[in-house]
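To keep things clear, I will list the structure first and then write my remarks on it.
Nothing in this text is a laboratory measurement; each read-out follows from the coordinates by a stated rule. Note that the structure is predicted; figures quoted are calculated from it, not measured. For neighbour counting, all protein chains shown are included, and Cβ atoms are generated from backbone atoms with ideal geometry for every residue, glycine included.
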Amino acid sequence: MSEDCERARSRASLALDCELSQLERAHLRAHLDDCASCAVFVAGLREVTHELRAAPLPAPSRPLLPRRRRGRGPAAIALLLVVAAAGAGGLAGSLTTEQAPVHAITTQSGLPGARLVLRAAI
Ligand SMILES: [Zn+2]
């Protein structure tokens with residue numbers, strides 16, 4: 001099978017799902033006009049697709065309901081403990097007595113008495 005035929009057959013599948021651009025559809029039509037083998041393939045593909053889409057959906061053998069969630073498992077509890085420990089460690093690290101440099105940005109608006117001060121420790 002030529003590369004053109006493979007591309008046309010791939011595009012035929014996309015065309016059935018309306019996922020081809022106008023240009024790609026034109027290329028497909030042009031190929032099918034010149035290639036009897038692909039035209040037969042695409043006709044069969046259309047027929048099977050039509051039959052599948054027209055077929056009734058099978059009913060489930062039992063009602064489909066989401067599973068009820070049980071309590072948290074040991075892995076979830078272990079993960080929560082690790083996250084809590086990491087958070088506590090970060091908090092302890094931020095409570096050091098070391099003084100971080102502070103940069104202050106002061107802006108004055110046009111309003112008398114209005115003043116905005118932004119401070120950031122870097
Ligand atoms: Zn072909």
Mean Cβ-within-10 Å packing, highest first, puts peptides 50-62, 74-86 in the order 74-86, 50-62
Pseudo-spin-label distance H50 to H27, built 7 Å along Cα→Cβ, given in nm, is 2.7 nm
Karplus ³J(HN,Hα) for segment 39-51 (6.51 cos²θ - 1.76 cosθ + 1.60, θ = phi - 60°; Hz, whole; x = Gly/Pro) runs 4, 5, 4, 5, 4, x, 4, 4, 5, 5, 4, 4, 5
